[in-house]
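A quick write-up on the structure given underneath.
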Amino acid sequence: MPHKTGNPWTVLTTKPIYENPWMRVVEHDVLTPLGNPGIYGVMHAQNLATGVVPIDDQGRVTLVGQYRFPLQQYSWEIPEGGGKKGVDPVESARRELLEETGQTARHWLPILTMHLSNSITDETAHCFLAWGIEQGQAEPEETEVLQLRHVSFAEAYAMVKRGEITDAIAVACLLKVRLMALDGDLPEDVTRLILG
């Protein structure tokens, strides 16, 4: 039996539920793949998400700590944020890195594109590895109360393993960078910084 990859849902009607500068929520009246009536709510992200794993010349990753309102808990993450659709994601990632950490990087490498919670949202994240770090002054947005930690890549990876980093973008990016280093997919000097 051939594998089917087409859309098995039938959309009957769509109605907007809510919209703000960051999201738009719509509800679809549908026929399920078995032909039964149902509803499907989707949150459309108004921006792209970006994440950066910044590796300094000592092999340290800069982690950003902040209180995440939806979770009602504190979270340690890599530098990440949003960028306008139609703007090159690396430019949005450069801006986020500077705003949150005060850092700029000479070298950028795309490492991952991922869909976040794809059963309810179309939000897409574009993630990068950055190295050749220079430190400047952070410029956080008014909604951000941030702490920075500079830890070895090994410690950041251990924090993922221990469940101390739970943010999806941070977890995926740190694991991907480690795999790329182990598989020889990064420049040798960067691999040495990551693996020690």
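The values are calculated or read from the model by the stated rules, or taken from the named source; none is laboratory data. Model, not experiment: these values are computed from the prediction. We place every Cβ from the backbone using ideal geometry, glycine too, and count neighbours over all the protein chains shown. We work out accessible area using only protein heavy atoms, side chains counted, and drop any ligands, DNA or RNA first. Shrake-Rupley method; radii C 1.70, N 1.55, O 1.52, S 1.80 Å.
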Dipole axis of the chain (+1 Lys, Arg; -1 Asp, Glu on Cβ), positive-most option in C127, P110, G184
G184
Area of Y40 that stays accessible when all protein chains are in place (1.4 Å probe, Å², to 10)
80
Please report, in Å, the Rg and the Dmax of segment 157-196, where both are computed over Cα atoms only.
10.7, 29
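For the chain, what does the relative contact order come out to in percent, with C-alpha contacts under 8 Å and a separation of six or more? Mind showing how you got there, number by number?
Numbers: 398 pairs, mean separation 41.1, N = 196.
The normalised contact order for the chain reaches 21 percent.
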Could you derive backbone 3J(HN,Hα) for segment 60-77 from the dihedral phi with the Karplus parameters 6.51, -1.76 and 1.60 (θ = phi - 60°), listing whole Hz in sequence and x where the residue is Gly or Pro?
9, 9, 8, 9, 10, x, 7, 7, 9, 4, x, 8, 6, 7, 7, 9, 9, 9
Computed over segment 42-167, protein heavy atoms only, probe 1.4 angstrom, the accessible area per residue in square angstrom equals 50
Gaussian network model of the chain, springs between alpha carbon atoms under 10 Å - residue of R162, R95, R60 with greatest fluctuation:
R162
Could you pull out the GluC sites (Glu not before Pro) across segment 98-179 that fall in loop regions by DSSP (anything but H, G, I, E, B) with no more than 13 other Cβ atoms inside 10 Å?
E141, E142, E164
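Can you sort K176, K161 by solvent-accessible area, 1.4 Å probe, largest first?
On the way: K176 70, K161 145 Å².
Sorted descending by solvent-accessible area, the residues read K161, K176.
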Let me know the charge dipole size of segment 53-138 about its Cα centre in debye, to the nearest 20, where only the beta-carbon of Lys, Arg (+1) and Asp, Glu (-1) is charged.
60
Order L116, L182, most accessible first, counting only protein heavy atoms with a 1.4 angstrom probe.
L182, L116
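Using only DSSP helix segments of four residues or longer, with each worth -39500 (n - 2.57), what per-residue ellipticity at 222 nm results for the chain after dividing by its residue count and rounding to 500? Show your work: numbers first, answer last.
Numbers: 4 runs with 45 residues, N = 196.
Computed ellipticity for the chain at 222 nm equals -7000 deg cm²/dmol.
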Give the span of the chain's Cα atoms along each principal axis, as three whole-Å numbers ordered largest to smallest.
58, 48, 33
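Computing the accessible area with a 1.4 Å probe over protein heavy atoms, can you report the carbon and sulfur percentage for the chain? Present the calculation step by step, with values, prior to reporting the outcome.
Values: 6250 of 11360 Å².
Roughly 55 percent of what the probe reaches on the chain is carbon or sulfur.
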